[in-house]
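Below: the structure, in C-alpha cells.
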Amino acid sequence: MNVLVFFALTLQGMTEDGTFLLEHGAMFVPKVVEDGEYYRLFTSMFLHFGFEHLMNNMVTLVLLGWNLEIEVGKIKFLLIYILSGLGGNILSAWYEVRTMDYTISAGASGAIYGIIGALLYIAMRNRGRIGDISGKGLVFMLVISLYYGFTSSSVDNLAHIGGLAIGFVSGILLYWKCNRKDSAFSKS
C-alpha cells in the first residue's frame with residue numbers, strides 16, 4: 001500500500017514537498033485538532049517524503065515484517081501495524097499540542113517500530129529468538145535506529161517511541177503459542 005500510494009502521488013506532484021503531502025493527508029496537528037481531520041492520524045502512515053524515505057521504511061518493513069507475519073498471521077500483523085502507526089501519531093500529536101511546535105509529518109516508521117516492538121516481545125517469549133532474528137540483534141538495531149533518530153533533524157522520534165510501545169503491548173495481547181515448552185511463560 002505504501003508503494004502504491006507513493007507512486008500514485010508521484011504522478012501528481014512532488015512527494016518531497018510538505019505542502020503537497022499536507023494536501024494529500026499528511027499529519028499536521030492544527031488540521032487534526034482545530035479542523036477535526038482525524039483521518040490524518042491514519043493516512044499519514046502511507047505517505048513518504050521522497051523515494052529515499054519510502055525505501056528506508058520499506059526495506060525495514062520487508063526484512064522484519066515477514067518474520068512477524070509468519071508468527072502472528074496476516075490479520076494480526078495488519079492490526080499491529082495500524083495500531084502502532086496510530087499510537088505513534090497520537091503520541092506525537094499530543095506532544096506537539098503541549099509544545100505548540102507543529103510540523104508536517106508522514107511515514108510508516110511509527111508502524112514499523114511497532115513491528116519491532118511486537119518482535120521484541122515474541123523473541124522474549126521464545127528464549128531470545130524469532131526465526132533467524134535474535135532478540136539481541138533486534139535490541140541492537142533498535143538502539144542504532146533510535147540514536148540515528150535523535151541525532152538527525154526532522155525525525156519524529158515520538159512517533160517511533162509510541163509505535164514501539166504500542167507494538168510491544170499488541171504483541172502481548174495478540175501473540176500466544178499453545179504448548180510451547182521453551183516459552184518463558186510456559187507452565188512448569
Looking only at residues in region 164-177 that are in contact with a Phe, Trp or Tyr (Cβ under 8 Å, 6 or more places away or on another chain) and over 11 Å from Ile116 (Cα atoms), which one is most open to solvent (accessible area, probe 1.4 Å)? Ile172
Residues that are under 13 Å from the mean Cα position of the chain (by Cα), on the phi < 0 side of the Ramachandran plot and in contact (Cβ under 8 Å) with a residue 40 or more places away in the chain: which helices (runs of 4 or more DSSP H) entirely in region 1-115 hold 3 or more of them? 50-72, 74-99
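To keep it simple, each residue is scored yes or no on (1) at pLDDT 85 or above; (2) assigned to a helix (DSSP H, G or I); (3) open to solvent by less than 80 Å² (accessible area, probe 1.4 Å).
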{"site": "Ile144", "(1), (2), (3)": "yes, yes, no"}
{"site": "Tyr147", "(1), (2), (3)": "no, yes, no"}
{"site": "Gly162", "(1), (2), (3)": "yes, yes, yes"}
{"site": "Ser188", "(1), (2), (3)": "no, no, no"}
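Residues checked against (1) crowded, with 20+ Cβ neighbours inside 10 Å; (2) closer than 12 Å to Ala108 by Cβ:
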{"residue": "Phe28", "(1), (2)": "yes, no"}
{"residue": "Arg40", "(1), (2)": "yes, no"}
{"residue": "Met58", "(1), (2)": "no, yes"}
{"residue": "Trp66", "(1), (2)": "no, no"}
{"residue": "Leu78", "(1), (2)": "no, no"}
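The values are calculated or read from the model by the stated rules, or taken from the named source; none is laboratory data. Small disclaimer: the values here were computed from a predicted structure and weren't measured. Heads up, the Cβs are rebuilt from the backbone with ideal geometry, glycines too, and the neighbour counts pull from every protein chain shown. We work out accessible area using only protein heavy atoms, side chains counted, and drop any ligands, DNA or RNA first. Shrake-Rupley method; radii C 1.70, N 1.55, O 1.52, S 1.80 Å.
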